[in-house]
1. Please go through region 119-146 and give me each residue that is farther than 21 Å from GLN160 by Cα and open to solvent by 80 Å² or more (accessible area, probe 1.4 Å), ordered by number.
2. Given the options ASP184, ASP117, ASP98, name the one that is under 19 Å from the mean Cα position of the chain (by Cα), more than 16 Å from ligand 1 (Cβ to nearest atom) and without any contact (Cβ under 8 Å) to a residue 40 or more places away in the chain.
3. I'd like to verify a number: residues in region 31-47 that are among the hydroxyl-bearing types (Ser, Thr, Tyr), under 17 Å from ALA86 (Cα atoms) and either open to solvent by less than 50 Å² (accessible area, probe 1.4 Å) or part of a loop (DSSP other than H, G, I, E, B) (or both), how many?
4. Identify, from the list GLU28, GLU50, the residue that is within 16 Å of ligand 1 (Cβ to nearest atom), modelled with pLDDT of 95 or more and either under 25 Å from LEU93 (Cβ atoms) or surrounded by 13 or more Cβ atoms within 10 Å (Cβ to Cβ) (or both).
5. When you scan region 99-110, do you find a residue that is within 14 Å of ligand 2 (Cβ to nearest atom), assigned to a loop (DSSP other than H, G, I, E, B) and of a type in the set (Ser, Thr, Tyr), even just one?
6. Could you check LEU22 against (1) in contact (Cβ under 8 Å) with a residue 40 or more places away in the chain; (2) in a strand (DSSP E or B) and say which number it fails?
7. Quick one: ILE66 ticks every box in (1) modelled with pLDDT of 95 or more; (2) touching a helix residue (DSSP H, G or I) at 6+ places or on another chain (Cβ under 7 Å); (3) among the aliphatic types (A, V, I, L, M) bar one, so which box is it?
8. Being open to solvent by 30 Å² or more (accessible area, probe 1.4 Å) and either in contact with a Gly (Cβ under 6 Å, 6 or more places away or on another chain) or more than 10 Å from ligand 2 (Cβ to nearest atom) (or both) is the filter here, so list the residues in region 12-25 that pass it.
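The values are calculated or read from the model by the stated rules, or taken from the named source; none is laboratory data. Given the structure is predicted, the values throughout are model-derived calculations rather than measurements. Note that each Cβ is placed from the backbone with ideal geometry, even for glycine, and that neighbours are counted across all protein chains shown. Protein only, heavy atoms only, side chains kept; ligands, DNA and RNA dropped before computing areas. Shrake-Rupley method; radii C 1.70, N 1.55, O 1.52, S 1.80 Å.
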Amino acid sequence: MTVGRGHLFIISAPSGAGKTTLCRAALERFKDMLYSVSYTTRSPRKGEQEGVDYHFISKEAFRADIKKGRWSEWAEVHGNYYGTSAEFIEKGLSSGRDILLDIDVQGTAQILKRHPDSVTIFVLPPSMDTLRQRLETRGTESETVLKRRLENAKKEMAHQNLYRHRIVNDQLSSAIEALISIVDGYRIETTKK
Ligand code: ADP
Ligand code: 5GP
């Protein structure tokens, strides 16, 4: 990694494995880390805030921004578009800030082409039964959407070898500790240079 530029940390996981929870914990621990707030065409869930969890935009606006080259990466996931702002990433990295991205496996493959030094982390659920239980307990998805997300989970898990690190999110506190020590490892390495 070039001295003076920040690191890109990419977290992916099947829906319900706990990546939002883990990202929040990492951002709480590393106060100077930026979170890349994605753009999406899906509807906000209860409690989600515009500009904090996502930027919620229409499919028309999203497609227009594809043409304008506004996305560093974008993908269709579970029937909606999701994208990362190229401007946000470039500005953040140039100013030496570390950036955390919560994106899917398709987006990760695209980011790795532009930024091969990205630190990639895949979060796994302890089992498929636990994954279903977590999604049901979260209670944010209709039965149809939940079914679709569980079907996609198997396909997403088949791509876990793309990632440099893997964390099984069984006990939350252990998973948070594992994530923090991965991130710390790269930050310490940079400080030494
Ligand atoms: P994702 O962002 O990957 O879809 P979330 O972070 O929203 O997943 O987690 C899904 C649900 O599981 C949430 O209700 C969350 O509170 C819960 N959860 C996350 N990690 C754990 C864990 N280790 N043990 C039990 N429940 C968890
Ligand atoms: P959710 O709808 O549960 O918030 O997210 C669904 C999936 O979309 C998750 O796998 C999440 O990581 C992914 N995702 C969120 N933002 C982006 C993004 O900007 N780009 C890509 N490619 N995937 C994203």
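1. GLN133, GLU136, THR137, ARG138, GLU143, THR144
2. Details: ASP117 fails: without any contact (Cβ under 8 Å) to a residue 40 or more places away in the chain; ASP98 fails: without any contact (Cβ under 8 Å) to a residue 40 or more places away in the chain.
Answer to the check: ASP184.
3. The initial filter retains those residues of region 31-47 that are among the hydroxyl-bearing types (Ser, Thr, Tyr), namely 35-36, 38-41, 43.
With under 17 Å from ALA86 (Cα atoms) added as a condition, the list becomes 35-36, 38-40.
Filter once more, so that each one left must be either open to solvent by less than 50 Å² (accessible area, probe 1.4 Å) or part of a loop (DSSP other than H, G, I, E, B) (or both): 36, 38-40.
Total satisfying the criteria: 4.
4. Result of the check over GLU28, GLU50: GLU28.
5. Our first condition is that a residue be within 14 Å of ligand 2 (Cβ to nearest atom); within region 99-110, this holds for 99-110.
Those left that are additionally assigned to a loop (DSSP other than H, G, I, E, B): 103-104.
Narrowing the set further to residues that are of a type in the set (Ser, Thr, Tyr) leaves none.
Looking through region 99-110, none of the residues is within 14 Å of ligand 2 (Cβ to nearest atom), assigned to a loop (DSSP other than H, G, I, E, B) and of a type in the set (Ser, Thr, Tyr).
6. Every condition holds for LEU22 apart from (2).
7. Every condition holds for ILE66 apart from (2).
8. Keep residues of region 12-25 that are open to solvent by 30 Å² or more (accessible area, probe 1.4 Å), which gives 19-21, 24.
THR21, ARG24, listed by residue number.
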